[in-house]
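Peer 1: Got a structure here, written out as structure tokens. Questions coming.
Just so you know, all these numbers are worked out from the coordinates, no wet-lab data involved. Predicted model only: the values in this text are computed from it and were never measured. Cβ: placed from backbone, ideal geometry, glycine included. Neighbour counts: every protein chain shown.
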Amino acid sequence: MADDLKSKLRALLEQYAERSAKTTTTKEPADQADRVMCGERLHSVVRPVLEYLMLELKNAGHEASVREHIGRDDAYPSVALSFTPRGALASALIFRYDPRHGIIVQREVKHAPWKGRPPTTGGTGDRLGTIGLAAVSTAWVETKSLSFIEAVLKAN
């Protein structure tokens, strides 16, 4: 079995190497300018709101963190808030770039299993909305964030 697996894996890797050799090695995404602009908006508008909320949540005795993925070639720019109420499960709010829609806001609210509610399954979670890159505002981020925090607190 190991030899058969090894030969199949090698064949797959060889096919990939052949395909990769045909493409140019200095590929730049067609939407690079939009990615950069989105990364800047996420960093300058979304992240400060999420950092403020993170500090307030921590001051109230909960766990929270903010993570940012901007400027990577292998992923679209995103900023996320992870929020874990005392004694509950971690939930996440993610603002990310989508070339077709601008910025998409998604949340994954984990329900406390001991409260008799089914836990959320894997996947994308709830979509809270989309907005064009230029339209992102502090007020919009605050509205989406408070909606997320309210949902997490109700679920736990």
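Peer 1: For each of 62, 101, count neighbouring Cβ atoms within 10 Å of the residue's Cβ, then give the residues from fewest to most.
Peer 2: Working: 62 19, 101 13.
Ordered from fewest to most neighbouring Cβ atoms within 10 Å, 62, 101 come out as 101, 62.
Peer 1: Enter the angle in degrees (range 0 to 90, nearest 10) between the Cα long axis of helix 138-155 and the first principal axis of the Cα atoms of the chain, meaning the one along which they spread out most.
Peer 2: Taking the Cα atoms of the chain, the angle to 138-155 is about 80 degrees.
Peer 1: Follow-up. By how many nm would the segment from residue 67 to residue 44 grow when fully extended, if each residue of separation counts as 0.36 nm and the alpha-carbon distance is taken off?
Peer 2: Contour length minus the Cα-Cα distance gives 6.9 nm.
Peer 1: Calculate how steeply helix 32-41 sits against the longest principal axis of the alpha-carbon atoms of the chain, using the helix alpha-carbon long axis, and give the answer as 0 to 90 degrees to the nearest 10.
Peer 2: 20
Peer 1: Give me the extension gain from residue 89 to residue 4: residue separation times 0.36 nm, minus the current Cα-Cα distance, reported in nm with one decimal. Mind showing how you got there, number by number?
Peer 2: Details: separation 85, 0.36 × 85 = 30.60 nm, distance 4.24 nm.
My answer for the length gained is 26.4 nm.
Peer 1: For labels at residue 74 and residue 147 in the simple 7 Å Cα→Cβ model, what's the distance in nm?
Peer 2: So the label points at residue 74 and residue 147 sit 3.3 nm apart.
Peer 1: Hey, another quick one. Tell me, what ³J(HN,Hα) does each residue in region 80-92 have, in order and in whole Hz, if you take phi through Karplus 6.51 cos²θ - 1.76 cosθ + 1.60 with θ = phi - 60° and put x for Gly and Pro?
Peer 2: Along region 80-92, the couplings run 9, 10, 9, 10, 10, x, 3, x, 10, 9, 6, 10, 9 Hz.
Peer 1: Taking 0.36 nm per residue of sequence separation and subtracting the Cα-Cα distance, how much length would be gained by fully extending the chain between residue 37 and residue 58, in nm to one decimal?
Peer 2: Gain on stretching residue 37 to residue 58: 4.5 nm.
Peer 1: Any aspartates and glutamates with Cα under 19 Å of the residue 58 Cα? List them, leaving off those in the same chain fewer than 8 positions away.
Peer 2: The reachable aspartates and glutamates, counting only those whose Cα sits under 19 Å from residue 58, are 68, 142, 150.
Peer 1: Quick one: dipole size for the chain, taken about the Cα centre, charges +1 on Lys/Arg Cβ and -1 on Asp/Glu Cβ, in debye to the nearest 20.
Peer 2: My answer is approximately 400 debye.
Peer 1: Let me ask something else. Which option, (i) 10.4; (ii) 12.2; (iii) 13.2, is the value of mean projected area of the Cα convex hull in nm² that was calculated from these coordinates?
Peer 2: Recomputing mean projected area of the Cα convex hull in nm² here gives the entry labelled (iii).
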